[in-house]
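One structure below.
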Amino acid sequence: MKFERSSGILLHPTSLPGSYGIGDIGPNAYRWVDFLYKAGCRLWQVLPLGPTGYGDSPYQCFSAFAGNPYLISPELLLDEGLLHTNDLVEMPRFPPDKVNFGELIPWKTGLLDRSFIQFQQNGNREMKSDFEAFKVGHSYWLEDFSLFMALKEAHGGGSWVNWPQPLLAREPSAIKQARDMYGTNIQRQEFRQFIFHRQWYSLRDYANEAGILIIGDIPIFVAHDSAEVWANPELFYLDEKGNPTFVAGVPPDYFSKTGQLWGNPLYRWEVHRKDGYQWWLNRLTSVLGLVDIVRLDHFRGFAGYWEVPFGEKTAEKGRWVPGPGDDFFRVVQRELGDLPIIAEDLGVITPDVVALRERFKLPGMRIVQFAFEGDPKDPFLPHNHTENCVVYTGTHDNDTARGWYERVPEKEKRFYRQYLDRDGKNVAWDLIRASWSSVAIFALAPMQDFLDLGNESRMNYPGNPSGNWTWRMSPAAIEDSLMARIKEINFLYDREIPAANVAGESDGS
C-alpha cells in the first residue's frame with residue numbers, strides 16, 4: 001500500500017461515548033466515522049483489539065488473534081434479535097466519563113451469555129450458517145482460544161500454569177475430554193468471537209467506503225496468560241512448569257527511570273525461523289483482516305530486545321539480545337508482500353534499529369512532545385522530520401499535550417514557546433498545527449488533544465499496573481465547531497480527505 005499525505009485521530013473504541021459502560025462498535029462508532037469524514041480525516045487509529053486480561057490492558061490480551069467481546073454493541077444485538085429490551089432492564093448505572101471494568105465485565109459477559117442462548121434458540125438459518133463458516137475460516141486460532149477460555153472459566157479465571165498437569169501439558173486425552181466436557185462453554189466463546197468479527201467487519205467496511213483507513217496495533221510480545229503461549233509453548237522461553245525463564249521489558253528511558261517490566265515471555269526465534277515464521281505470518285494476516293494499516297509496537301525488538309530474568313522486580317537488570325532482524329522481514333515480504341506497517345521506533349534506538357527500518361522502507365514515529373528537551377537538532381522537531389515518518393503530538397503512553405506543558409520544566413516550556421512563537425495559552429492546538437505542518441506522510445493526535453484535556457484524561461501511565469485505559473469521551477465532544485476546526489487545518493496543511501470519497505450517514509443499523 002502506498003501511503004498518501006493525510007491525517008487522523010487516535011481514539012480506542014472503549015473511549016467512545018455510549019450508555020453501556022464502555023465504548024463499543026455500534027451506532028456511536030458509526031457516528032465517529034461520520035465525524036472523521038466530515039473533518040477531512042482519512043485515518044482512525046485504535047489500540048490492539050484483543051480480549052483484555054491483566055490490568056484491562058489491550059497490550060496484555062488473552063489472545064493475539066481474538067477480538068474483545070466487551071466491544072460488542074448491545075444495540076446491534078437488539079437490532080438482530082439476539083437480545084430483548086428486557087435484558088437491559090437491570091443494567092448498572094455506569095459512569096459516563098470512564099470505564100468501570102470491575103462492574104462492567106460481569107454485566108457484559110452476562111448479557112452476551114443471554115444473547116448466545118437467544119441465538120441457539122431463535123437464531124435464523126442464515127446467521128447460523130455464517131457462524132459455522134466463521135468457525136471453519138478461523139479454526140487455526142479459534143479452536144485453541146475457545147478451549148483456553150472455557151478452561152480458564154472452569155478453573156476460576158486463574159493462569160493456565162495452575163491448571164492440572166494433563167491440561168497444562170496439553171495431553172491429547174485430557175484435551176479431548178475437556179472439549180467433550182465443556183462443549184457448550186466452548187461454543188459460547190466461539191459465538192462471542194463470531195459476533196465481534198461480524199460487527200467489526202461491518203464497521204470497517206463503512207469506514208473504508210468513506211475513504212477512511214483504520215490503523216491497528218500489533219504488540220511485538222503476547223501475554224503469558226494467553227491461548228497462544230499455552231497452545232504453543234515451544235515458541236517461547238518457558239520452564240517445565242510453564243513459567244517464563246526470561247521476560248520482556250525495556251531499560252530505563254524517558255518513559256520510566258527503572259525501565260518497564262512488561263513480563264511477557266520471550267520468543268525462541270530460532271524455532272520460529274525453522275518453520276518460516278508461520279505463527280507470525282498467521283498473526284499478521286489475522287490482524288490485517290481487521291485493519292488497513294498496522295503499527296508494529298516495539299519495532300526495535302526485531303533488531304534486539306531487552307531480556308530480563310524472570311522474578312526481577314524492575315527492568316533495570318537485563319541485557320540486549322539480538323532479534324530476528326532482516327531474516328524475519330524478508331520472509332514476511334516474500335510471503336505477504338509489502339505490508340502497510342508503521343514501525344514504532346521510540347525508546348532506546350540504536351543504529352541497527354534505524355538500519356533495519358530503513359532497509360524495508362518502513363515509516364518510523366516522531367512525537368512532538370519530545371522535541372523540546374534539547375536543541376534545534378532534535379529529531380522530533382518538525383523541521384527535522386522526513387516524509388517517510390508518522391508524526392504525533394503524543395500517544396496513549398504520553399501526557400496529553402496540556403498535561404505535558406503543565407508538567408515539564410520551564411526550560412522545555414520556553415523552548416516550545418520560542419520555537420513555535422506561541423505564548424503557551426493553547427498548547428494542544430499549537431502541537432497539532434506543528435504536527436500537521438510537518439512533511440511527515442501521516443499526522444495524528446489523540447482525541448484528548450483536540451479536546452484540550454489535561455492528564456486527568458490520560459489513557460495510560462507505562463509502569464503503572466492499574467488505573468489505566470478507562471478514559472471515555474463525552475457525547476458532547478463531537479460537535480460541529482470542532483469538526484470545522486479540524487477540517488480547516490486538514491485543508492491548510494494539505495491533509496484533507498479527497499472530495500471524491502463520499503460517506504453515507506448511518507445510525508449503525
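Summary of computed values
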{"read-out": "Given charges at Cβ of Lys, Arg, Asp, Glu: the chain dipole, positive-most of P382, Y37, N460", "value": "P382"}
{"read-out": "Where only C-alpha atoms are counted, convex hull volume of the stretch 1-82 per residue in Å³", "value": "132 Å³"}
{"read-out": "Per-peptide average of other Cβ atoms within 10 Å, ordering 354-361, 23-30 highest first", "value": "23-30, 354-361"}
{"read-out": "Virtual spin-label span in nm between K257 and F3, 7 Å along Cα→Cβ", "value": "3.5 nm"}
{"read-out": "Spherically averaged projected area of the stretch 76-120 from its Cα convex hull (nm²)", "value": "3.4 nm²"}
{"read-out": "Relative contact order [Cα under 8 Å, 6+ residues apart], the chain, whole percent", "value": "22 percent"}
{"read-out": "Label-point gap, in nm, between K411 and K425 - each point 7 angstrom along Cα→Cβ", "value": "2.9 nm"}
{"read-out": "Percent RCO, i.e. relative contact order, over the stretch 272-429, from Cα pairs under 8 Å lying at least 6 residues apart", "value": "17 percent"}
{"read-out": "Helical contribution to [θ] at 222 nm, DSSP H n ≥ 4, -39,500 (n - 2.57), averaged over the chain, rounded to 500", "value": "-11500 deg cm²/dmol"}
{"read-out": "Sequence-distant residues sharing a close amide H with N264 (under 5 Å, placed H)", "value": "A248"}
{"read-out": "Packing-based ranking, highest mean first, of 402-414, 203-215 given that Cβ atoms within 10 Å are counted", "value": "203-215, 402-414"}
{"read-out": "Over the stretch 124-190, relative contact order from alpha-carbon pairs under 8 Å, at least 6 apart, %", "value": "38 percent"}
{"read-out": "In Hz, Karplus ³J(HN,Hα) per residue of the stretch 467-479 (6.51, -1.76, 1.60; θ = phi - 60°; x = Gly, Pro)", "value": "x, 9, 6, 9, 5, 10, 7, 6, x, 6, 5, 7, 10"}
{"read-out": "5 Å-binned pair-distance histogram of the stretch 425-503 (Cα, whole percent)", "value": "3, 12, 20, 20, 19, 14, 8, 3, 1, 0"}
{"read-out": "Projected area averaged over orientations for the stretch 275-331, convex hull of C-alpha atoms, nm²", "value": "5.3 nm²"}
{"read-out": "Distant alpha-carbon pairs in the stretch 322-364 (separation over 18 angstrom), percent", "value": "23 percent"}
{"read-out": "Calculated on alpha-carbon atoms, Rg and Dmax of the stretch 177-239 in Å", "value": "17.0, 49"}
{"read-out": "Cα-only radius of gyration and Dmax that characterise the chain, units Å", "value": "22.7, 71"}
{"read-out": "Amide H within-cut-off set for E316, under 5 Å, with H built and near neighbours excluded", "value": "none"}
{"read-out": "Pairwise label distance in nanometres, Y493 with N208, each label 7 Å out on the Cα-Cβ vector", "value": "2.8 nm"}
{"read-out": "The stretch 261-369 - Rg and Dmax from Cα coordinates, angstrom", "value": "14.5, 42"}
{"read-out": "For peptides 331-339, 35-43, sequence by mean Cβ density within 10 Å, most packed first", "value": "35-43, 331-339"}
{"read-out": "Principal semi-axes in Å for the stretch 49-98 [√(5λ), Cα gyration tensor, largest first]", "value": "25, 16, 8"}
{"read-out": "For I342, residues with placed amide H under 5 Å, excluding near neighbours", "value": "V294, R295, L296"}
{"read-out": "Listed pairs K152/K176; K108/K152; K176/K241; K377/K413; K274/K361 exceeding 23 Å between Cα atoms", "value": "K274/K361"}
{"read-out": "Using distinct alpha-carbon pairs, which all enter the 1/r mean, Kirkwood radius of the stretch 264-308 in Å", "value": "12.1 Å"}
{"read-out": "Coarse-grained scattering of the stretch 149-277 at q = 0.17, 0.19, 0.20 Å⁻¹, given as base-10 log I(q)/I(0) from a Debye sum over alpha-carbon atoms", "value": "-1.09, -1.15, -1.18"}
{"read-out": "Extreme residue, positive dipole direction of the stretch 394-497, given options A484, L451, Q418 (C-beta unit charges)", "value": "Q418"}
{"read-out": "Förster-model FRET efficiency, 30 Å R0, Q177 and K128, C-beta, rounded to 0.05", "value": "0.65"}
{"read-out": "Cα gyration tensor of the stretch 331-441 - equivalent ellipsoid semi-axes, whole Å, descending", "value": "30, 13, 12"}
{"read-out": "Dimensionless Rg/Rh of the stretch 359-509 - Kirkwood Rh, Rg from C-alpha atoms", "value": "0.98"}
{"read-out": "Translational diffusion coefficient (Stokes-Einstein; Kirkwood radius from C-alpha pairs) of the stretch 77-178 at 10 °C, 1.306 mPa s, in µm²/s", "value": "96 µm²/s"}
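A short reminder: the numbers here are calculations on the coordinates, not readings from a lab. Note that the coordinates shown come from a computational prediction; the quantities given were computed from them, not determined experimentally. Note that we place each Cβ from the backbone using ideal geometry, even for glycine, and neighbour counts take in every protein chain shown.
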